[in-house]
1. Can you tell me which of (1) crowded, with 16+ Cβ neighbours inside 10 Å; (2) within 18 Å of the chain's Cα centre (by Cα); (3) of a type outside the set (F, W, Y); (4) away from the ligand (no atom under 15 Å from the Cβ) is the one A183 doesn't meet?
2. Taking the condition of being in contact with a strand residue (DSSP E or B) (Cβ under 9 Å, 6 or more places away or on another chain) and assigned to a loop (DSSP other than H, G, I, E, B), how many residues in the stretch 214-250 meet it?
3. List the number of the failed condition for F44; all other conditions in (1) in contact with a strand residue (DSSP E or B) (Cβ under 9 Å, 6 or more places away or on another chain); (2) surrounded by fewer than 21 Cβ atoms within 10 Å (Cβ to Cβ); (3) in contact (Cβ under 8 Å) with a residue 40 or more places away in the chain hold.
4. Could you list, in sequence order, the residues of the stretch 121-134 that are touching a residue at least 40 places away in the same chain (Cβ under 8 Å) and either within 16 Å of the ligand (Cβ to nearest atom) or more than 15 Å from C41 (Cβ to Cβ) (or both)?
5. Does the stretch 197-212 hold any residues that are within 16 Å of the ligand (Cβ to nearest atom) and either under 16 Å from F151 (Cβ atoms) or in a loop (DSSP other than H, G, I, E, B) (or both), and which are they?
6. Of the residues T139, T157, only one is free of Cβ contacts under 8 Å to residues at least 24 places away in the same chain and closer than 21 Å to D229 by Cα; which?
7. Might you let me know whether the stretch 1-13 holds any residue that is within 25 Å of I228 (Cβ to Cβ) and at pLDDT below 95?
8. Is there a residue in the stretch 241-250 that is out of contact with any helix residue (DSSP H, G or I) (no Cβ under 8 Å at 6 or more places or on another chain), away from the ligand (no atom under 11 Å from the Cβ) and either over 21 Å from P43 (Cβ atoms) or small (G, A, S) (or both)?
Amino acid sequence: MRQYIIAGNWKMHKDSTETRELCEAIRKGHTPDSRFELIVCPPFTSIPAAVESLSGTDIAVGGQNMCWESEGAFTGEVSASMLLTSGCKYVILGHSERRQYFSESDQLIGKKVQLALSSGLLPIVCVGEVIEDREAGRTEDVVGNQFDGIFADIDKTGFDKCVLAYEPVWAIGTGKTATPEMAEEVHKFIRGRIASKYGDESADKMRILYGGSMKPSNSTELLSQPDIDGGLIGGASLKAENFLGISSTVK
Ligand code: PEP
């Protein structure tokens, strides 16, 4: 039985004060439940506030990105060990906004995944197709190539520590959700790809989250699909009632 993950990607929202308020509201409304783990991923500057507000709870904190090198002259970057020592357990890597606005390639994302793992952070690795790919029937090719590129140099021990997120780019922040059937089809495909590369045990254990306009009104159906093991949630994670509303639909 895979434990679900409900993770909030706050993107560039919530300063430290707002972070404390949101964490307080999440903390108050959340009852620990072995069926799922809650994670919040605030912007870098708000991580200490989130870690402090959530201390003593089972709610984990994650970063939204990190540098591909461990330290050095990389102005504006944040390292894996900085995230770890700030109290992060997870880091989101390869989000489509990083690919789109910061030209991140599968190879670079793979480097980050390796560094995160060797530093003790658990990567949440994102893959997903753009609308042109879906309309041209290339979804599986694109997602499969992203998977192969990112995990080219990652062994089974490292891979087993990761979490995957399937995020169709056309559904992120648009209000357009993949239907549960569309999402399940790709999740199943990804699990098959994992089985081919890392074996059935890794495939059975891997948590594959869905991301793309998930909200309390559509999460019940999405989360009831056999290969969907949680959500990576943007917009709806910025309000405690919506974020917790989604977690309450985990069965
Ligand atoms: C995301 O940014 O990972 C995401 C899924 O955003 P939204 O829920 O707003 O579509």
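1. (4)
2. Of the residues in that region, 8 qualify.
3. (3)
4. Passing the criteria: P123, I124, V125, C126, V127, G128, E129, V130.
5. R207, I208, G211, G212
6. T157
7. yes
8. The answer is yes, given that some residue of the stretch 241-250 is out of contact with any helix residue (DSSP H, G or I) (no Cβ under 8 Å at 6 or more places or on another chain), away from the ligand (no atom under 11 Å from the Cβ) and either over 21 Å from P43 (Cβ atoms) or small (G, A, S) (or both).
The values are calculated or read from the model by the stated rules, or taken from the named source; none is laboratory data. Since we're looking at a predicted model, the values are computed, not measured. We place every Cβ from the backbone using ideal geometry, glycine too, and count neighbours over all the protein chains shown.
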